[in-house]
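Here is the structure we will look at, set down as structure tokens.
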């Protein structure tokens with residue numbers, strides 16, 4: 001554990017809470033315009049409910065399981081979808097995690113890319129002024145009954161951002177199965193980890209157990225944002241959830257479209273890490 005992380009555990013002070021909204025929207029395969037419209041409506045509803053930040057699901061534009069449409073619907077980072085969501089963030093005064101889109105790396109010119117060409121599963125976090133705060137490209141690409149690992153380029157950067165008084169990190173769906181990625185975020189002082197996802201039936205217990213475990217072992221809030229909807233070979237299980245640093249479920253949904261809201265308190269993270277200082281006992 002780094003010196004900075006030790007200092008964060010020992011010395012972090014309570015800050016103002018953050019009102020978080022998870023937008024579990026209905027995702028239709030290939031219906032980009034309709035899906036983006038739903039995302040924008042969810043941003044507006046979250047702002048109306050007083051949320052400080054709203055998070056969208058993985059590949060909410062095209063639908064994760066619409067593999068044959070990835071190339072056709074891919075956009076550069078500064079393309080229409082992220083532009084519209086950045087503008088919505090500024091218009092509504094709310095931070096937005098633009099869950100993820102299929103990014104055309106060759107066409108991207110505004111941010112660094114992990115390769116000169118190919119496609120990536122890319123999320124962007126915009127603050128309430130519409131300013132870009134972090135970019136995350138999915139690191140672990142799913143190969144089990146999925147074409148993702150053949151179609152996409154993995155990400156190579158792990159950034160954090162501060163929204164309000166909360167340090168935020170992002171991972172994506174399958175990343176939940178790789179705990180070392182979350183340890184890196186903890187070393188960077190993360191208090192809230194947002195996980196846009198497209199998790200399908202029947203792996204409900206994996207979804208709940210892995211999400212809760214990442215919260216418990218890292219003594220951080222973990223918020224999983226899943227989609228809703230059916231594809232030819234899969235149905236998204238929904239169940240977007242927020243777990244606190246003890247692993248307690250604070251809020252969750254069923255498998256239908258929903259807007260899940262709760263409070264994130266950075267002071268709770270500091271208190272848990274001080275009361276039960278497991279992170280200080282790390283040997284690796």
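The values are calculated or read from the model by the stated rules, or taken from the named source; none is laboratory data. As the structure is a prediction and not an experimental result, all values here were calculated from the model. Every residue, glycine among them, receives a Cβ derived from its backbone with ideal geometry; neighbour counts consider all protein chains shown.
General observations
- Residue match in segment 70-82 (condition: in a loop (DSSP other than H, G, I, E, B), on the phi > 0 side of the Ramachandran plot and surrounded by fewer than 23 Cβ atoms within 10 Å (Cβ to Cβ)): no
- Residue 54 meets all of the listed conditions (1) touching a helix residue (DSSP H, G or I) at 6+ places or on another chain (Cβ under 8 Å); (2) closer than 30 Å to residue 147 by Cα; (3) surrounded by fewer than 20 Cβ atoms within 10 Å (Cβ to Cβ) but one, namely (3).
- Single match in 251, 215 (criterion: in contact with a strand residue (DSSP E or B) (Cβ under 6 Å, 6 or more places away or on another chain) and part of a helix (DSSP H, G or I)): 215
- Pair list, Cβ < 6 Å and 6+ apart or interchain, from segment 185-212 residues that are over 16 Å from residue 97 (Cα atoms) to residues that are at pLDDT below 95 and not in a helix (DSSP H, G or I): 187/2
- Residue satisfying condition, being within 16 Å of residue 168 (Cβ to Cβ), part of a strand (DSSP E or B) and either touching a strand residue (DSSP E or B) at 6+ places or on another chain (Cβ under 7 Å) or in contact (Cβ under 8 Å) with a residue 12 or more places away in the chain (or both), within set 268, 261, 224: 224
- Of everything in segment 227-240 that is in a strand (DSSP E or B) and in contact (Cβ under 8 Å) with a residue 12 or more places away in the chain, the residue that is surrounded by the fewest Cβ atoms within 10 Å (Cβ to Cβ) is 235.
- Note on segment 117-136: among residues that are surrounded by fewer than 24 Cβ atoms within 10 Å (Cβ to Cβ) and within 20 Å of residue 72 (Cβ to Cβ), the one that is farthest from the chain's Cα centre (by Cα) is 117.
- Only one of the numbered conditions (1) part of a helix (DSSP H, G or I); (2) surrounded by 21 or more Cβ atoms within 10 Å (Cβ to Cβ); (3) touching a helix residue (DSSP H, G or I) at 6+ places or on another chain (Cβ under 6 Å) is not met by residue 181, and that is (2).
- Test: residue in segment 22-38 that is more than 30 Å from residue 116 (Cα to Cα) and assigned to a loop (DSSP other than H, G, I, E, B): yes
- Residue within segment 140-157 that is within 13 Å of the chain's Cα centre (by Cα) and either on the phi < 0 side of the Ramachandran plot or surrounded by fewer than 22 Cβ atoms within 10 Å (Cβ to Cβ) (or both) present: no
- For segment 273-284, a residue qualifies if it is within 16 Å of residue 243 (Cβ to Cβ) and surrounded by 18 or more Cβ atoms within 10 Å (Cβ to Cβ), and exactly one does: 273.
- Taking the conditions (1) without any contact (Cβ under 8 Å) to a residue 24 or more places away in the chain; (2) closer than 28 Å to residue 132 by Cβ in turn, residue 243 satisfies each one other than (1).
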